[in-house]
Amino acid sequence: MGDRGDPQGGSKHVYGKRVFYLDEDTWTVAYQDAYDTRKQLWRVAIHPIIQFYDAKVPWYRANIWHDLSNSSYLFSLLDNEIKQPWKFGEKGRWADFQPDSLRRIGTK
């Protein structure tokens, strides 16, 4: 294993530096700045949070990335067309967390 800048012993991380801005109430990442290896601001991210009061939990509403080098953007986790509401408090079985559970789920 290499040093902190070279964890794989020959490969480098795509970002030179990242700065996270945390929401003071939930301690989740609300904003993010990503710098390239030349220390130039490359991408910025917004992670809006919604409070589910009935479940007493904050949750990400979306992830929005802006690439400043080519003026592109990416939205992910949008759920505005999902008909069923989020479910919290679901009970999992011990078998759901075993290594072969993905194989079982994929064959249903």
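The values are calculated or read from the model by the stated rules, or taken from the named source; none is laboratory data. None of the values given here were measured: they were computed from a predicted structure. Reconstructed Cβ throughout: ideal geometry from the backbone, glycine too, with neighbour counts over all protein chains shown.
What the table shows:
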quantity: Identity of the residue in segment 65-108, among the aromatic types (Phe, Trp, Tyr) and under 18 Å from the mean Cα position of the chain (by Cα), that ends up nearest to LEU41 (Cα to Cα); calculated: TRP65
quantity: Selected residue (criterion: farthest from the chain's Cα centre (by Cα)) from residues of segment 37-64 that are surrounded by 13 or more Cβ atoms within 10 Å (Cβ to Cβ) and more than 18 Å from ASP23 (Cβ to Cβ); calculated: THR37
quantity: 2 or more residues within 30 Å of LYS12 (Cβ to Cβ): qualifying strands (runs of 3 or more DSSP E) within segment 25-108; calculated: 29-35, 41-46, 63-67, 72-76
quantity: Condition check for LYS12: basic (Lys, Arg), modelled with pLDDT under 90, part of a loop (DSSP other than H, G, I, E, B) and loosely packed, with under 14 Cβ neighbours inside 10 Å; calculated: yes
